1. Report, in degrees rounded to the nearest 10, the 0 to 90 angle that the Cα long axis of helix 70-98 makes with the longest principal axis of the chain.
2. Heavy atoms only, probe 1.4 angstrom, no DNA, RNA or ligands counted: give me Phe144, Phe21 ranked by accessible area, highest first.
3. Counting helices only, and only those DSSP H runs with n ≥ 4, report the 222 nm mean residue ellipticity of the chain as the sum of -39,500 (n - 2.57) divided by its residues, in deg cm²/dmol to the nearest 500.
4. Loop-only trypsin sites (Lys or Arg not before Pro) in segment 99-147, please: DSSP not H, G, I, E or B, and at most 11 other Cβ atoms within 10 Å.
5. Enumerate the whole-percent occupancy of each 5 Å bin, from 0 to the last occupied one, for all C-alpha pair distances of segment 305-452.
6. Segment 98-189: which chymotrypsin sites (Phe, Trp or Tyr not before Pro) are DSSP loop and have at most 14 other beta-carbon atoms within 10 angstrom?
7. In whole percent, and with a 1.4 Å probe on the protein chains, what portion of the accessible area of the chain is carbon and sulfur?
8. Would you mind checking the tilt of helix 5-21 against the longest principal axis of the Cα atoms of the chain, expressed as 0 to 90 degrees and rounded to 10?
Amino acid sequence: MQASTLSLLLFSIISVCVIYFLPFTWKQHGLFAANILFYLIFDFRFLLLIIVSILCSYKIGCKISHSKNSRSWLICGITFSLIILAFFKYFNFFADKFHDSFRLIMPLGISYYTFKIISYFFDLHSKKTALKNFLSYGIYVSFFPQIISGPIMRTGEFYANLPFLGRPSSALRIQGFSLILSGLFKKIVIADRISNYTHLIFSSPMSYPSLALLIAAFLFSIQIYCDFSGYSEVSIGISNLLGIKCSPNFCLPYFSYSIKDFWRRWHISLSSWLKDYIYIPLGGSRHGHFLQCLNTLITFSISGLWHGSGLNFLIWGLWHGILNLVPVKKATTRRKYIFQSVSTFLCVTLGWILFNSSTMDMFITYIHHMIADFRLSYHMIVSSILPFTGDFSCLSYFAVLALFILILFIFEIREFKQNNEKTPSLKKNLFFFVSIILFGVFGQNHFLYANF
């Protein structure tokens, strides 16, 4: 079953408490048991797959570390990991072309733990990390707060934190609670309230007015940000409570002045992974401007294909790759910077329409109806807001949602002015807590990026 926000939170609370009270020598064993139990509860069908992946990759890692044929074992390990990932990721795509009676379910977190395994192989080969015991490695790959949607921690960073497992500092605990509240606010107060509306519009765009499509496009940009960054903050917060400190995965991406700047701020762990293990090994910027551009396009194409097997994902990756090649200097005046940020946001939003469309035909239909058929009237405004609830309470629902988005925007503007430092604020945390209790959508909505 899909892990919902509350089930993840409940499991995490119990696990943190148990690990906290375990003797020091048993804390790592307790965390590894919690990781396996988490997978058993939420995706028992593929528990054997992740266990086999951990066992085989650990053995291959030993060969990379000790064998004279280190490079051959590196290639073998990467190939082994990618074959498994590609099989599950693209089986349905090819099956649909020939026979659609049998479909595979994506194993929980396979993209994330596969990327961890590959980075482990690379880092062992380049001596950036040392070979550790099987228990430490097993905890790293299967770490339950990150198994659903990341962040993708590096082996060295994770190992450095293991001695502090179950013994977080008071500052780390406070930061952890603050991040969990912030993440839950984004996820169940904003993202989950938006999701029903965007799902209706994107599922059948021709059934709604063009204004509704425009609203849904902008709301989906907010939804995917609040959903994914919300999960990342909850994940990092839980990790902090366990004593595992990891870097932020988002840094106000919708305030970016260019697409290149956007990818420095959006899904930072994936962006840095793609740079370190695909872009740089391809040659990076070392062999002239043409090859640099080609390497950039290849990297973003792989990013698109990682997100999904449809043509729309490949084009989405290329869209960002092409925009990434456009040289943009950060504006020195506020007015020009705002213009850059708005332009970047519009480019990203157009990409999200493509990302969320089931097919290229649906994307073309969506864009054509949104632009060519655009009209503005009282009837169209009412018809565009009505899908929020299906009755005339839609106006108050829309107003409350807009208010929460505005408040989040103000909070993040303040953080932006404070050089992105997320200092826990008692007033902000209290507001998040009360909002979650009174306005949270306590359903079974899963995390968007758990599908990738």
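1. For 70-98 against the chain, the angle is about 40 degrees.
2. Listed by decreasing accessible area, they come as Phe21, Phe144.
3. -22500 deg cm²/dmol
4. Passing both the DSSP loop test and the Cβ count: Arg103, Lys127.
5. 2, 7, 9, 13, 15, 18, 18, 13, 5, 1
6. Sites meeting the loop and neighbour criteria: Phe102.
7. 69 percent
8. Tilt relative to the chain: about 30 degrees.
The values are calculated or read from the model by the stated rules, or taken from the named source; none is laboratory data. This structure is a prediction, so every number in the text was calculated from the model and none was measured. Methodologically, a virtual Cβ is constructed for each residue, glycine included, from the backbone with ideal geometry; neighbour enumeration extends over all protein chains shown. Accessible surface is based on the protein model in full, side chains and every heavy atom, while ligands, DNA and RNA are left aside. Shrake-Rupley method; radii C 1.70, N 1.55, O 1.52, S 1.80 Å.
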